[in-house]
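To keep things clear, I will list the structure first and then write my remarks on it.
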Amino acid sequence: MHATPVSVKLPRGRTKLEIYLDNLASTPIDPRVLDHQCMVSASLPANPNGAVHASGVQAANVLTKARVGVGDFLGVEEHDIHFMPSASSALWLAVEDAIARKGDGVRVLASAIEHPSLLRHLERAQSMGRIRLELFPVTTIGQPDLNALAEMVASAPAGLVCSMAANNEIGTIAPTTEILEIANQHGALTLVDASQAAGRFRINHIVETADYVILSGAKINGPRRVGVLAGALTNSAASLIEPMFGTPDAAAASAMAMACSLVAAEMETDGLRIATLRDRLEALLVQQVPGLVVNGDTSARLAGALHVSAPSVPAEVLVSRLWGKVAISTGAACQSGVPGPSHVLSAMSLEDWVLEGGVRMCVGKFNDAAEIEVAGSLLADAMRGHMNLDRKQA
């Protein structure tokens with residue numbers, strides 16, 4: 001039986017069922033962005049492609065302005081900003097463009113801890129004989145093995161190198177600049193999934209070097225169903241966008257541009273506050289839960305990210321114990337319900353109990369200190385409670 005939900009305040013007095021600590025999966029939309037999207041949507045009835053009348057031209061102008069806004073955030077020309085219905089679809093399009101440029105059978109290198117959606121795209125392309133996929137390893141703290149990557153790139157021509165700027169489960173910030181340098185030295189195209197990084201730290205240096213950069217509105221307190229592919233596309237890839245995904249929603253694109261503008265102005269201040277709250281949550285758990293380990297690179301991680309394992313506490317059990325009280329996750333959001341440890345933890349070669357017990361948390365913009373105290377107590381009690389039960393049964 002699931003626990004009774006805890007009532008928590010949201011911006012503008014709204015209430016939610018539980019303390020939300022799964023901000024790597026999806027962030028609450030900023031009320032300012034929501035208001036803007038609703039206003040633009042209500043005032044724009046036309047299709048941006050309907051240039052035969054003034055309303056259509058107005059919608060097209062809003063879409064163009066949104067491209068300019070996102071481009072300004074990234075330091076990219078507006079014609080290289082492509083709005084997609086999700087980051088996953090943007091990843092797919094980037095892979096398609098790379099294949100169009102390099103030809104079928106192109107060798108693709110990707111880190112072993114890429115987002116499941118990208119790995120699925122790559123594995124499917126490989127099954128169709130369109131690419132040759134090789135994964136480069138990561139260390140026990142989830143950092144890409146740069147020496148292994150350099151050896152792989154040097155051993156044979158690689159057409160595309162893929163890497164996340166920050167991991168979506170453990171929050172580890174990758175040495176993306178070094179990865180791009182290795183790839184560029186050998187003439188490979190580069191794809192950077194910056195969905196978790198954008199809006200949490202500055203990525204302009206990445207955008208300047210990478211061929212493709214991916215953003216997600218759902219990760220920057222922006223509109224849910226908006227992804228962005230930043231990069232110059234071949235005509236063949238660009239021509240796939242509307243037939244596959246339809247005309248971009250001008251209101252959602254405009255909301256995405258506003259979200260980018262807000263995080264550009266507020267990310268440093270928000271980041272410091274969020275990191276302080278994350279550190280407090282981590283301290284509470286380390287102090288109260290014997291044997292708890294923190295997974296990932298604690299010296300290079302996203303401000304709110306916290307990934308932990310407790311001895312003898314399976315992740316699924318902990319999530320169930322906290323149902324309706326604290327929202328945490330066992331892995332990538334798109335892998336929810338998939339049995340077994342996440343591919344990220346498995347690639348890090350951790351002990352079995354760490355794999356089994358790994359849970360993902362991330363403090364976000366709309367969490368506060370009071371929530372963190374409550375969440376820390378609930379998490380610690382749930383972990384210790386199962387540990388005590390396990391000892392009794394043993």
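Computed from the coordinates by the stated procedures, all read-outs in this text should not be read as laboratory data. Treat the numbers as computed from the prediction; the structure is a model and nothing was measured. Glycine gets a Cβ as well: all are built from the backbone with ideal geometry, and neighbour counts include every protein chain shown.
Points worth noting:
- When +1 charges are put on Lys and Arg Cβ atoms and -1 charges on Asp and Glu Cβ atoms, the dipole computed for segment 237-322 relative to its Cα centre reaches about 340 debye.
- Between 248, 386, 192, the Cα set farthest toward the positive side of the dipole of the chain (charges on each charged residue's Cβ, about the Cα centre) is that of 386.
- Computed log10 I(q)/I(0) for segment 51-194 at 0.09, 0.14 Å⁻¹: -0.33, -0.72, from the Debye equation with unit scatterers placed on every C-alpha and solvent omitted.
- If you take the alpha carbon atoms of the chain and fit the smallest convex hull around them, that volume is 143 Å³ per residue.
- Magnitude of the charge dipole, the chain, Cβ model with Lys/Arg +1 and Asp/Glu -1, debye to 20: 940 debye
- Stokes-Einstein diffusion for segment 122-196, with the hydrodynamic radius set to the Kirkwood value over Cα pairs and evaluated at 10 °C in a medium of 1.306 mPa s, equals 122 µm²/s.
- Cα-based convex hull volume of segment 107-257 per residue, rounded to whole Å³: 121 Å³
- Positive end of the dipole of the chain (Cβ unit charges, origin at the Cα centre): among 295, 48, 117, the Cα lying farthest that way belongs to 48.
- Assigned charges on the beta-carbon of Lys, Arg, Asp, Glu; segment 228-381 dipole about Cα centre (debye): 60 debye
- Inter-part distance where segment 156-210 and segment 340-362 are each reduced to a Cα centre, Å: 23 Å
- P(r), alpha carbons of segment 255-310 - 5 Å bins starting at zero, rounded %: 4, 17, 21, 19, 14, 9, 8, 4, 2, 0
- Rg/Rg_globular for segment 245-361, with Rg_globular taken as 2.2 N^0.38 Å and Rg from C-alpha atoms: 1.29
- If you take the alpha carbon atoms of segment 181-305 and fit the smallest convex hull around them, that volume is 150 Å³ per residue.
- Cα-Cα P(r), segment 59-136, percent of pairs per 10 Å interval: 18, 39, 27, 16, 1
- Counting lysine pairs in the chain whose alpha carbons fall under 23 angstrom apart, excluding pairs fewer than 8 residues apart on the same chain, gives 10.
- Per residue, the chain reaches -14500 deg cm²/dmol at 222 nm when only DSSP H runs of four or more residues are counted, each adding -39500 (n - 2.57).
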